[in-house]
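Peer 1: Quick one: structure below, then a few questions.
The values are calculated or read from the model by the stated rules, or taken from the named source; none is laboratory data. In this text the structure is predicted, and so the values were computed from the model without any measurement. Counting neighbours? That spans all protein chains shown, and the Cβs are built from the backbone with ideal geometry, glycine included. Each accessible area value is taken on the protein alone, full model and side chains, heavy atoms only, with ligands, DNA and RNA left out. Shrake-Rupley method; radii C 1.70, N 1.55, O 1.52, S 1.80 Å.
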Amino acid sequence: MVSVPSVSSAARVAVLLVIVVLAWVRQVDGSIDSNRTSALEEARLQRENLVRKYLKRLKKEDGAIKLIGGRGDFEGNVEIFHAGKWGAVCDDEWDQAEAEVVCRQLGFPGHIKPTHTGHFGRAKRKFWMDNLYCGGKERELAECHFDGWGTNDCEAGEAAGVICKRHEDDEPVTTEKPVPVEMKVPKERLGEQRRLELRLVGGRIADEGRVEVRMVDGEGAGRWGSVCGDGWGLLEGNVVCRQLGLGYANNAVQTDFFSEPEVAELPELLLSGTECYGNESSLADCLHDPIGWRSVRCSERRGHVAAVTCVSQMADLVFDHVEMEQSLHLEDRLMYLLQCAMEENCVASQAYEIQRENPNWHLESRRLLKFTARVVNTGNADFRPHIPKHLWEWHLCHMHYHSMEVFATFDVIDAGGRRVAEGHKASFCLEDNQCLPGVEPRYACANYGDQGISVNCSDIYRHNIDCQWVDISELDFGEYTMKVAINPEFKVPEMRFDNNAATCRLLYTQTYARVFDCKLERP
């Protein structure tokens, strides 16, 4: 007799089979779901990347920013949205702190470098912001200190820009402005096999005009061509005037003012991306975008060319680092006594946070690294302010007019090259405080007098004057580099700029601070 399983036993077997099958299906589905989840996650990340890169640019809220004129959305001149309109940002006091805020606001992981002098072309819109002062930790550029919306004295060639670090996942995502391969070629100098001849064209006199160049090699001279105006400034202008034997650059502009009216178009561009240190003897020794590629890159094709005016006499400022070494000292001062200085942003950004959050902020103190700054004019012409007299700013606290927005910067830098203490002295009056025997002082700040520094005279900002310090309240004890730079943005012409800054070693302890081993160099 064959035994037949009871119904209950068969049901138990069926249930076991179902459990086994379901477990196998679940395992297979889990693998599929895992792959599907991975694909969905990747798609989601790409979508977020696109949103991060483009939605913020389309969202026209007050304080929104964008970059224009660059090779991609990671670089360009900065524009900010305010009162329903986009506007430019001036490069006065524009440095790493502002660049960091811009790049972070745009969603990039950080900045590579800030740019000045219309590096990505002239400003095409009204300047909304000038004299920006960021601590570097602000969420948006509009949170930084500045002169006020639309308050500025800037020209179109003073546009501020940035180059931001890109995300690692930026490459596979299609961008709105893809970067051509040839754009990634680094700048270069002309080889020994080629010379670069220069001439000035279209000027009213022989010492001014549009800069034209041509290549000369073993096969002869090539055609004359123009130089792109992107980033063109006094450093490049000085090299041109020196090479032509015309003295020093009094002005270096990005313009077509010197073009001939009867000529419909300017000569073809032969050079772009010109970048000089300032002490080169020839424009060929400066860096340029590679020559001989398919086309010369320039932010504008019409009328945006380099021009210069040269003069035989020029001022030359030298910073007296010995005076700084002898006068430098520490002082703790109550914030109650710093209210005038705080109006000019002369303390670190942490002080303003204390002022906002602590009702007894005026009883807090700040540690100041104070020193005397003596600047000597060793040239053969007077040093005069860049800003015309009718635009000088009256400051009620100091009871005199400020003729220079950015005349000196004070930086404390750590071993990694990062600025770790904020020195800020943006507004100056220039006068003859001390002159050599036989030289009569001619410039004084009092009574709305003319301002400047005469030949063989010194302008001295003593350590007991407001803002003549670096706020080091949050700085750890240790050894640093201190750099003081005069005329740091090269806004006012000089014979040379490689004696405008002093870089020193700084030792900071619990009881004292001193600087030593100072060297003169370029800002």
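Peer 1: Within the range 391-439, which residues are at pLDDT 90 or above, acidic (Asp, Glu) and over 22 Å from ALA99 (Cα atoms)?
Peer 2: Within the range 391-439, GLU431, ASP432 meet the criteria.
Peer 1: Regarding the range 291-311, can at least one residue be identified that is without any contact (Cβ under 8 Å) to a residue 60 or more places away in the chain, of a type in the set (Lys, Arg) and either closer than 30 Å to ASP466 by Cβ or open to solvent by 10 Å² or more (accessible area, probe 1.4 Å) (or both)?
Peer 2: yes
Peer 1: Here's another thing I want to ask about it. So, in the range 462-482, how many residues would count as being in a strand (DSSP E or B) and crowded, with 21+ Cβ neighbours inside 10 Å?
Peer 2: Number satisfying all stated conditions: 5.
Peer 1: Just the residues that are surrounded by fewer than 24 Cβ atoms within 10 Å (Cβ to Cβ) and either within 14 Å of the chain's Cα centre (by Cα) or over 15 Å from GLU79 (Cα atoms) (or both), please, taken from the range 116-129.
Peer 2: HIS116, PHE120
Peer 1: Could you list, in sequence order, the residues of the range 312-338 that are polar (S, T, N, Q) and either touching a residue at least 60 places away in the same chain (Cβ under 8 Å) or surrounded by 20 or more Cβ atoms within 10 Å (Cβ to Cβ) (or both)?
Peer 2: Applying the first criterion (polar (S, T, N, Q)) to the range 312-338 yields 312-313, 326-327.
Once the filter is applied, which keeps residues that are polar (S, T, N, Q) and either touching a residue at least 60 places away in the same chain (Cβ under 8 Å) or surrounded by 20 or more Cβ atoms within 10 Å (Cβ to Cβ) (or both), the range 312-338 yields SER312, GLN313, SER327.
Peer 1: If I filter the range 245-275 down to residues being of a type in the set (D, E, K, R) and not in a strand (DSSP E or B), which single residue comes out as modelled with the highest pLDDT?
Peer 2: Across the range 245-275, the extreme among qualifying residues is GLU268.
Peer 1: Within the range 151-164, work out how many residues are assigned to a loop (DSSP other than H, G, I, E, B) and either at pLDDT below 90 or touching a Ser or Thr at 6+ places or on another chain (Cβ under 6 Å) (or both).
Peer 2: The number of residues fulfilling the criteria is 5.
Peer 1: Mind listing whichever residues of the range 191-226 are hydrophobic (A, V, I, L, M, F, W, C), touching a residue at least 24 places away in the same chain (Cβ under 8 Å) and farther than 19 Å from PRO493 by Cβ?
Peer 2: Scanning the range 191-226 gives LEU196, VAL201, VAL213, MET215, ALA221, TRP224.
Peer 1: Across the range 202-216, which residue is most open to solvent (accessible area, probe 1.4 Å) among those that are touching a strand residue (DSSP E or B) at 6+ places or on another chain (Cβ under 6 Å) and closer than 18 Å to SER272 by Cβ?
Peer 2: By that ranking, first place goes to ARG214.
Peer 1: Continuing with the same structure: What do you reckon, is VAL347 among the aliphatic types (A, V, I, L, M) and either within 24 Å of CYS518 (Cα to Cα) or open to solvent by 50 Å² or more (accessible area, probe 1.4 Å) (or both)?
Peer 2: no
Peer 1: Go through the range 490-505 and give me each residue that's outside any loop (DSSP other than H, G, I, E, B) and of a type in the set (S, T, N, Q). I'd like the intermediate steps shown before the answer.
Peer 2: Applying the first criterion (outside any loop (DSSP other than H, G, I, E, B)) to the range 490-505 yields 501-505.
Hit for the range 490-505 is THR503, nothing else.
Peer 1: Looking at (1) over 29 Å from GLY69 (Cβ atoms); (2) open to solvent by 50 Å² or more (accessible area, probe 1.4 Å); (3) part of a loop (DSSP other than H, G, I, E, B), which one does ARG242 not meet, given that it meets all the others?
Peer 2: That leaves (3) as the condition not met.
Peer 1: Within the range 421-431, can one find any residue that is in contact (Cβ under 8 Å) with a residue 60 or more places away in the chain and surrounded by fewer than 20 Cβ atoms within 10 Å (Cβ to Cβ)?
Peer 2: There is no residue in the range 421-431 that is in contact (Cβ under 8 Å) with a residue 60 or more places away in the chain and surrounded by fewer than 20 Cβ atoms within 10 Å (Cβ to Cβ).
Peer 1: Please enumerate the residues belonging to the range 217-239 that are out of contact with any strand residue (DSSP E or B) (no Cβ under 7 Å at 6 or more places or on another chain) and either within 18 Å of GLY202 (Cβ to Cβ) or buried (at least 24 other Cβ atoms within 10 Å of the Cβ) (or both).
Peer 2: Across the range 217-239, the qualifying residues are ASP230, VAL239.
Peer 1: Do you know which of the residues in the range 440-458 that are modelled with pLDDT of 95 or more and hydrophobic (A, V, I, L, M, F, W, C) is most open to solvent (accessible area, probe 1.4 Å)?
Peer 2: VAL455
Peer 1: Against the condition in contact with a Phe, Trp or Tyr (Cβ under 6 Å, 6 or more places away or on another chain), closer than 15 Å to ALA160 by Cα and among the acidic types (Asp, Glu), how does GLU100 come out, does it pass?
Peer 2: Details: in contact with a Phe, Trp or Tyr (Cβ under 6 Å, 6 or more places away or on another chain): no; closer than 15 Å to ALA160 by Cα: yes; among the acidic types (Asp, Glu): yes.
The answer is no for GLU100.
Peer 1: Write out, first by first residue and then by second, each pair whose Cβ atoms fall under 6 Å of each other, whose residues are 6+ apart or on separate chains, and whose first residue, in the range 383-402, is aromatic (Phe, Trp, Tyr) while the second is open to solvent by 70 Å² or more (accessible area, probe 1.4 Å) and at pLDDT 75 or above.
Peer 2: Qualifying pairs under 6 Å: TYR401/TRP394.
Peer 1: Hey, any hits in the range 471-485 for a residue that's touching a residue at least 40 places away in the same chain (Cβ under 8 Å), touching a Pro at 6+ places or on another chain (Cβ under 9 Å) and more than 21 Å from CYS134 (Cα to Cα)?
Peer 2: No, because not a single residue in the range 471-485 is touching a residue at least 40 places away in the same chain (Cβ under 8 Å), touching a Pro at 6+ places or on another chain (Cβ under 9 Å) and more than 21 Å from CYS134 (Cα to Cα).
Peer 1: Filter the range 363-375 down to the residues that are outside any loop (DSSP other than H, G, I, E, B) and either farther than 26 Å from ALA341 by Cβ or in contact with a Lys or Arg (Cβ under 8 Å, 6 or more places away or on another chain) (or both) and list them by number.
Peer 2: Within the range 363-375, SER365, ARG366, LEU368 qualify.
Peer 1: Can I ask one more? Tell me which of these ASP517 doesn't satisfy, since it passes every other one: (1) of a type in the set (Asp, Glu); (2) buried (at least 17 other Cβ atoms within 10 Å of the Cβ); (3) at pLDDT 95 or above.
Peer 2: Result: ASP517 fails condition (2) only.
Peer 1: Condition test on THR509, is it at negative phi, of a type in the set (Ser, Thr, Tyr), open to solvent by less than 70 Å² (accessible area, probe 1.4 Å) and within 26 Å of the chain's Cα centre (by Cα)?
Peer 2: Spelling it out, it is not the case that THR509 is at negative phi, of a type in the set (Ser, Thr, Tyr), open to solvent by less than 70 Å² (accessible area, probe 1.4 Å) and within 26 Å of the chain's Cα centre (by Cα).
Peer 1: When you check ALA341 against the structure, is it open to solvent by less than 60 Å² (accessible area, probe 1.4 Å) and either assigned to a strand (DSSP E or B) or over 23 Å from TRP469 (Cα atoms) (or both), yes or no? Quick ask: steps written out before the conclusion?
Peer 2: On the way: open to solvent by less than 60 Å² (accessible area, probe 1.4 Å): yes; either assigned to a strand (DSSP E or B) or over 23 Å from TRP469 (Cα atoms) (or both): no.
Answer is no for this residue.
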